[in-house]
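Accompanying notes for the structure given below.
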Amino acid sequence: MTRELTGSEAAALAEALVPGSVDRTTETACYLKPDRLVETLRALRDDPDANLVHLTNLCGVDYWDHFEVVYHIQSFEKNHLACFKVEAWGRENPEVPSVTPVFHGAWMQECEAYDLFGIRFAGHPNLYRILLWEGYPGWPLRKDFLAMPGGLQPGLGEFAGVAPRQEPPVKVIE
Amino acid sequence: MTGIIKSEPFVINIGPQHPSTHGVFRIKATVDGEKVIDAEMVMGYLHRSMEKLAEERTYTQNIPFTDRTDYLSSMSNNLGYCLAVEKLAGIEVPPRGNAIRVIMAELQRLASHCMAIGAFANDTGAWQTPVMWAFREREKILDIFEVTSGARLTCNYMRIGGVAFDLRPEFEPMVRRILRDFPPFLDEMEGLLSGNEIFIARTRGVGVLTPEMATNASLSGPMLRGSGIAWDIRKADPYCGYEQYDFDIPIGYNGDSYDRFIVRLEEMRQSLKIIQQALDGLPGGPFRTEVPLALRPPKGEAYARIESPRGELGYYLVSDEGPSPYRFHIRPPSFINLSALKEMTVGGTVADAIVVLGSIDIVVGEIDR
Amino acid sequence: MTPFLVSDKWYDIRDLGNLSREILEAADRILPFGVVYVLAALIGFVASFLLFVLPSQLIVGVYGERRIIGRMQSRLGPNRVGPFGLLQPIADAIKLIQKEALTPTRADRAVMYIAPIIFVMPAVLLWAVIPFGENMVIADIPVSLMYFLAVSSLPVIATFMAGWSANNKYSLFGAMRIVSMAISYESPLVLALLGAVVMTGTISLSGMVAWADEFNIWMVFVQPLALVIYFICVSAELNRTPVDIAEAESEIVAGYLTEYSGMKWGLFYGMDIGYALAASGFAATVFLGGWTFFGLEQWVPGWLIFIAKTHLFYFLFIWTRGTLPRLRADQLMAFAWKFLLPLGVFNLLIVSTERMLWSEQDYAKGLIYVFALVNIILSVALVYAWARFNGYRPERTPTRPRLVKQAGGYIPVGERS
């Protein structure tokens, strides 16, 4: 059974290798500081104890006021899976460092996150819109994409009998 | 001869309309004569933005979407999604539901691998015979799906907490017939292709992936196992009670296209073994936990993965206690398996590029989602 | 040829050459000088068309191939048009004629139109020298083998024209491949045939049949290696599946045929089968004893035997097409130069030695059977030895993956878990 590391376990691993790299931890994930991200992941990959060699999943999440990029990294020999996150603040030009130099498999997933969220990955060798065409208006997976006039959101939140969604804490930016 | 004869590289578009791209996928290959010196992937022709659509529908309504991602293994996709929701909401599945899920997922693996090896043989130039033989067997499995779920390709059979319907009485004899008919078919396929000199010459040493490269490029499934890495989610992180069944992980030798092929062929034998065990020990009782239709999982996030026929299929769900997922992310195995395509194709010939692409076993619905 | 039951009267259907000779002699008496040659060509053309091309090309070539491959692929094949789908080739032809023959905008229009026509002509010309029966050969020239080789090299030009003119990169790939392949495979092909020529001492196809009849042995038994080389080379030149790299469907779409449609494509398709049949007929003549069958030709018309042998050989083409994957272009070239050519030279060496010995023994009849036995053994040994010499080690390719019980990291080869 794969052991899914809790946030604090993952933080302990990261902190032991690169002190000062952990921002905060939650129950499931460990938030890393963006400027130490590449260094930390490389150290975790090369360290025989952590042995986090396989970047399983990389995706972005939009939390209205900030974006999170989620990294699920696993080890084959230790059979554990750790979840790291970095935050990118601001909706204009969110940016996190690219982990492509560490994990080659990240390049397509980072392109996808850039394509659908507009998160820039600094240091990516060839960041382009992988699924949509160049010049596509907007970033489709952002929560404010397809916002309707009057602040309405498409989807279930506006139908009768369903609890309304959380109000967006940030004003929608066109 | 360089220097005497002036030659100029030119760009050749393999796809989007090409017999061997298995859908609308395109490789912009720069070739120098027959040799590929650069390859660039162009995808997105089938992009439907499922991740966005799923954010507007309830958890149950999202199950049919997962059929349409990897349309050649809809059962596995349903299963992965349902596992993710169950992990998020903390739902237990009854043992009968789990056993049915295992049987269905393994049948789906058989059907999908039939397609994979058939299409791969077709890419190497075996003119349709292997693909027809594989389709003959695949039809029988699709018949089982039709009997059980009412659909052949997009089954939409798994539900959150179990499966949609109980098995019909015809189910067991049909599966027993598969178990009887399949090993001879696999032997036949092995006789036709595995020992075939031309096939070996075409696939041995083509698209070699070292284990370091395979790991670093986040590959999964037969790609990873072909490189000699013993990694199978069914063994490493068992779900649906896979730990009860006795099966082996086939792994390859050098990580070339041929190894991926024989790994797929052997996986089919192991799948038959699992189906046999699951069918013999099929427990009674309920097949589904009742869950509310408008499920509202607690706030949080969950990443659940399964070993789909193409590799590690993961679903990352974030819930904000609403009726629909706040974030619905698919970790598509055939998309990420393409990460190393350039490294595998550059340096080979155009014919090799086709073989490599065939050995990755892509499904474009899953790449573009 | 024993005179038993064989007459050279016109009503003897065992050799229709008698009939045509009677007609021509009668015509020669009536008609002015020279017309009879035109008449002869016409009779030859119509007769071979009715007897051979029509049933072979339509029924066996298109229909039979599709049916047999259908059987191999566990499906039915065409079975809707006419009884057992026999009219399917005709329906296909009608469909192709109706279709628009597209020409790309930037294509070289003239060359693109001429290419299929040039492709058709040699396929018809090839039949001129192939003997259907003792007298049933349209042009019984003494150098018919050379004629056949020369004419059968022509379609390469047509395919190159087709590939070049279409202004399509895939077509260009196909054209490049077919030219390089034709060059590579022509030499082992000729070497293989040289063996037969040295053994029989003639380059007339009728002479070869007569030789087989005289010594009561087919060339395939005397020189099995030559037949194998011939078969491989000819399927390479004809673009049949194991080596159809010029129109490799899964790689370069359809090669030089990519931009062709309608009847222009239909001509290429139909004549591909025509060439395959001609090559089969040639092989039946050289290697399988032509229209003779150890005396059976005295009861059964020789041309029926010949057609049966041709189709038997053609079945080999269908069979390989239905089962084998395709080789890569560079592997094909290497195979021709490194494997077939040396084997052809070895074969020629052996045959020449045997011929020398044989001539010293005054062409004793029994000796040829000894040679056959020796050659069969030598061929197998040669193929095996040369393959090992070239580094062929099948036992080093495991066809089953390793099995492990436990998930974990990388397991190096040779380590058990």
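The values are calculated or read from the model by the stated rules, or taken from the named source; none is laboratory data. Please read these numbers as outputs of a predicted model, since none were measured by experiment. Note: ideal-geometry Cβ built from the backbone for every residue, glycine included; neighbour counts use all protein chains shown. What goes into the accessible areas is simple: the full protein's heavy atoms, side chains included, and nothing from ligands, DNA or RNA. Shrake-Rupley method; radii C 1.70, N 1.55, O 1.52, S 1.80 Å.
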Q: Using the structure shown, decide if C:MET199 is in a helix (DSSP H, G or I) and of a type outside the set (D, E, K, R).
A: yes
Q: Looking only at the stretch B:188-208, count how many residues are part of a helix (DSSP H, G or I) and closer than 21 Å to C:SER74 by Cβ.
A: 8
Q. Do we find a residue being within 14 Å of another protein chain (Cβ to nearest Cβ), open to solvent by less than 30 Å² (accessible area, probe 1.4 Å) and of a type in the set (Val, Ile, Thr) anywhere in the stretch B:59-76?
A. yes
(Q) Among the listed residues B:GLY348, B:GLY358, identify the single one that is in contact with a Phe, Trp or Tyr (Cβ under 8 Å, 6 or more places away or on another chain), small (Gly, Ala, Ser), closer than 23 Å to B:GLY205 by Cα and touching a residue at least 24 places away in the same chain (Cβ under 8 Å). (A) B:GLY358
**Q.** Residue among C:TYR369, C:TYR410 that is touching a helix residue (DSSP H, G or I) at 6+ places or on another chain (Cβ under 9 Å), of a type in the set (Ser, Thr, Tyr) and within 30 Å of A:LYS78 (Cα to Cα)
**A.** C:TYR410
Q | The one condition in (1) touching a residue at least 40 places away in the same chain (Cβ under 8 Å); (2) away from chain C (no Cβ under 14 Å) that A:HIS66 fails to fulfil | A | (1)
Q) Out of all the residues in the stretch B:199-212, is one or more within 7 Å of another protein chain (Cβ to nearest Cβ) and open to solvent by less than 10 Å² (accessible area, probe 1.4 Å)? A) yes
**Q.** Residues being within 11 Å of another protein chain (Cβ to nearest Cβ), surrounded by fewer than 17 Cβ atoms within 10 Å (Cβ to Cβ) and out of contact with any helix residue (DSSP H, G or I) (no Cβ under 7 Å at 6 or more places or on another chain) - total across the stretch A:107-133
**A.** 2
Q. Which one is modelled with the lowest pLDDT among residues in the stretch A:1-25 that are in a helix (DSSP H, G or I) and within 14 Å of chain B (Cβ to nearest Cβ)?
A. A:GLY7
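So which residues in the stretch B:20-29 are within 18 Å of C:SER171 (Cβ to Cβ) and modelled with pLDDT of 80 or more?
Selection gives B:ALA29 alone.
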Q: Hey, can you tell me all the residues within the stretch A:84-106 that are under 24 Å from B:ALA340 (Cβ atoms) and either open to solvent by 30 Å² or more (accessible area, probe 1.4 Å) or not β-branched (Val, Ile, Thr) (or both)?
A: A:PHE84, A:PRO97, A:SER98, A:PRO101, A:PHE103, A:HIS104, A:GLY105, A:ALA106
Q) Among (1) open to solvent by less than 10 Å² (accessible area, probe 1.4 Å); (2) in contact with a Ser or Thr (Cβ under 6 Å, 6 or more places away or on another chain), which single condition is C:GLY290 missing? A) (2)
Q: Within the stretch B:107-131, work out how many residues are at pLDDT 85 or above, among the aliphatic types (A, V, I, L, M) and open to solvent by less than 10 Å² (accessible area, probe 1.4 Å).
A: 6
Q: Could you please find all residues in the stretch B:293-329 being among the β-branched types (Val, Ile, Thr) and either more than 9 Å from every other protein chain (Cβ to nearest Cβ) or buried (at least 24 other Cβ atoms within 10 Å of the Cβ) (or both)?
A: B:ILE306
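Per-residue answers, yes or no, for (1) touching a residue at least 40 places away in the same chain (Cβ under 8 Å); (2) in a loop (DSSP other than H, G, I, E, B); (3) not hydrophobic (A, V, I, L, M, F, W, C):
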| site | (1), (2), (3) |
| --- | --- |
| B:ARG264 | yes, no, yes |
| B:ARG269 | yes, no, yes |
| B:ALA278 | yes, no, no |
| B:GLY284 | yes, yes, yes |
Q: Those residues that are more than 30 Å from B:GLY255 (Cα to Cα) and within 14 Å of chain B (Cβ to nearest Cβ), I need them from the stretch C:361-417; list them, please.
A: C:VAL383
Q: Could you please let me know if C:VAL228 is surrounded by fewer than 21 Cβ atoms within 10 Å (Cβ to Cβ) and not aromatic (Phe, Trp, Tyr)?
A: yes
Q: Could you tell me which of the residues C:ARG321, C:ARG326 is in contact with a helix residue (DSSP H, G or I) (Cβ under 9 Å, 6 or more places away or on another chain), farther than 21 Å from C:MET199 by Cβ and open to solvent by 10 Å² or more (accessible area, probe 1.4 Å)?
A: C:ARG321
